[in-house]
Amino acid sequence: MAQWRILVVDDEPMNLEIIGDVLDDPSYIVSKAANGEIAWQAMLAAESVPQLLVLDRMMPVLDGIELLKRIKADQRFADIPVIMQSAASSSSDIAEGVAAGAWYYLPKPYAPNDLLVIVRAALEEVAEREAANQVMRNRRSVLDLLDVAEFEFHTLKQAADLALTLGGLCPDPASAALGLSELLVNAVEHGNLGIGYAEKSEMRRNEVWEQEVE
């Protein structure tokens, strides 16, 4: 059975214990840190980095916002989803947490099941991203053998598959695949079909854009 590595960061021992109990599941390997600096040093020293963080916002030494900024600024950790939990739950507090890179901002107090649902959703996204990265790595090993290639696509799905394949050749596969997909679809909707911005917006509102492009 696959196990997920989760790091819980909170300066309150009781909170660490409670969250640990909530995440008491054979599929989770839970480690704990009493503040942001301890968590950061643990991440730097770890052979296997955590796949998810549950992070308190207000802590001594290094608070949650500052740790989150460090994580998102480091390419090794930037893709790790961070669930920030805090009693600071005003709209400006939440906006600051999301702007710093929080995957989800969970105001305290919350029901234990709320945390479980959010954790599962975040890990599902991680699993999907890792599967996509594996596909791109496999495709890249074949595409590295290419000298010259020419591709044709006729559907939106083919455009997405082609963008994913070619994105795997780039240093940042996910961003490259997204950009290539936009270019391929724009070539059809603007180049072949001559659809302008206003017309596209109207089609989107009427939910007929995809049908028209296909």
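The values are calculated or read from the model by the stated rules, or taken from the named source; none is laboratory data. Please read all numbers here as calculations on a predicted model, not as lab measurements. Quick reminder, even Gly has a Cβ in these numbers, built from the backbone with ideal geometry, and neighbours come from all protein chains shown. Just so you know, the surface numbers come from the protein's heavy atoms only, side chains and all, with ligands and any DNA or RNA stripped out. Shrake-Rupley method; radii C 1.70, N 1.55, O 1.52, S 1.80 Å.
Just checking, which of E125, E199 is more than 26 Å from D79 (Cα to Cα) and among the acidic types (D, E)? Lay out the reasoning, then the answer.
Values: E125 fails: more than 26 Å from D79 (Cα to Cα).
Exactly one of E125, E199 is more than 26 Å from D79 (Cα to Cα) and among the acidic types (D, E), namely E199.
Could you check A174 against (1) in contact with a Leu (Cβ under 8 Å, 6 or more places away or on another chain); (2) open to solvent by less than 70 Å² (accessible area, probe 1.4 Å); (3) assigned to a helix (DSSP H, G or I); (4) closer than 26 Å to R76 by Cβ and say which number it fails?
With (1) in contact with a Leu (Cβ under 8 Å, 6 or more places away or on another chain); (2) open to solvent by less than 70 Å² (accessible area, probe 1.4 Å); (3) assigned to a helix (DSSP H, G or I); (4) closer than 26 Å to R76 by Cβ applied to A174, the lone miss is (1).
Keeping to the range 73-82, report how many residues are open to solvent by 20 Å² or more (accessible area, probe 1.4 Å) and either without any contact (Cβ under 8 Å) to a residue 24 or more places away in the chain or aliphatic (A, V, I, L, M) (or both). Write out each step before concluding.
Of all residues in the range 73-82, those open to solvent by 20 Å² or more (accessible area, probe 1.4 Å) come to 73-76, 78-79.
Then drop every residue that is not either without any contact (Cβ under 8 Å) to a residue 24 or more places away in the chain or aliphatic (A, V, I, L, M) (or both), which leaves 73-75, 78.
Here the count works out to 4.
From G191, G179, grab the single residue that is loosely packed, with under 11 Cβ neighbours inside 10 Å and either in contact with a Gly (Cβ under 6 Å, 6 or more places away or on another chain) or closer than 29 Å to E212 by Cα (or both). Spell out how you get there, then give the answer.
Working: G179 fails: loosely packed, with under 11 Cβ neighbours inside 10 Å.
The conditions single out G191.
Please find, among I71, I38, I80, I65, the residue that is β-branched (V, I, T), in contact with a strand residue (DSSP E or B) (Cβ under 9 Å, 6 or more places away or on another chain) and not in a helix (DSSP H, G or I). Let's see the steps before the verdict.
Numbers: I71 fails: not in a helix (DSSP H, G or I); I38 fails: not in a helix (DSSP H, G or I); I65 fails: not in a helix (DSSP H, G or I).
Every option except I80 fails the conditions.
Here are some conditions: (1) under 30 Å from I18 (Cα atoms); (2) assigned to a helix (DSSP H, G or I). A198 meets all but one. Which one does it not meet?
Here A198 clears every test but (1).
All but one of (1) at pLDDT below 90; (2) surrounded by 13 or more Cβ atoms within 10 Å (Cβ to Cβ) hold for S91; state the number of the condition that does not hold.
(2)
Taking the conditions exactly as written (under 15 Å from F77 (Cβ atoms), of a type outside the set (S, T, N, Q) and open to solvent by 30 Å² or more (accessible area, probe 1.4 Å)), does A33 satisfy them or not?
Numbers: under 15 Å from F77 (Cβ atoms): yes; of a type outside the set (S, T, N, Q): yes; open to solvent by 30 Å² or more (accessible area, probe 1.4 Å): no.
Spelling it out, it is not the case that A33 is under 15 Å from F77 (Cβ atoms), of a type outside the set (S, T, N, Q) and open to solvent by 30 Å² or more (accessible area, probe 1.4 Å).
Open to solvent by less than 90 Å² (accessible area, probe 1.4 Å), modelled with pLDDT of 85 or more and part of a helix (DSSP H, G or I) - does that describe any residue in the range 137-159?
Checked against the condition, which is being open to solvent by less than 90 Å² (accessible area, probe 1.4 Å), modelled with pLDDT of 85 or more and part of a helix (DSSP H, G or I), the range 137-159 yields at least one hit.
Could you tell me whether the range 56-66 includes any residue that is among the small types (G, A, S) and open to solvent by 20 Å² or more (accessible area, probe 1.4 Å)?
Here is the first cut: in the range 56-66, the residues among the small types (G, A, S) are 64.
Cutting the leftovers down to open to solvent by 20 Å² or more (accessible area, probe 1.4 Å) gives us none.
Within the range 56-66, not a single residue is among the small types (G, A, S) and open to solvent by 20 Å² or more (accessible area, probe 1.4 Å).
Find the residue count for the range 41-62, including only residues that are in a loop (DSSP other than H, G, I, E, B) and within 22 Å of K108 (Cβ to Cβ). Working first, answer last.
Within the range 41-62, the subset in a loop (DSSP other than H, G, I, E, B) is 46-51, 57-62.
Among the residues that remain, those that are also within 22 Å of K108 (Cβ to Cβ) are: 50, 57-62.
Residues that pass the stated criteria total 7.
Condition check ((1) among the hydrophobic types (A, V, I, L, M, F, W, C); (2) open to solvent by less than 60 Å² (accessible area, probe 1.4 Å); (3) in contact with a Cys (Cβ under 8 Å, 6 or more places away or on another chain)) across all residues:
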site: P50; (1), (2), (3): no, yes, no
site: L68; (1), (2), (3): yes, yes, no
site: M84; (1), (2), (3): yes, yes, no
site: Y105; (1), (2), (3): no, yes, no
site: V117; (1), (2), (3): yes, no, no
site: A121; (1), (2), (3): yes, yes, no
site: N133; (1), (2), (3): no, yes, no
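Enumerate the pairs (first residue in the range 1-15 and part of a strand (DSSP E or B); second residue anywhere and among the charged types (D, E, K, R)) with beta-carbon separation below 7 Å, excluding pairs fewer than 6 apart on the same chain, so at least 6 apart or on different chains.
Sorted first by the residue in the range 1-15, then by its partner, the pairs are V8/K32; V9/D56.
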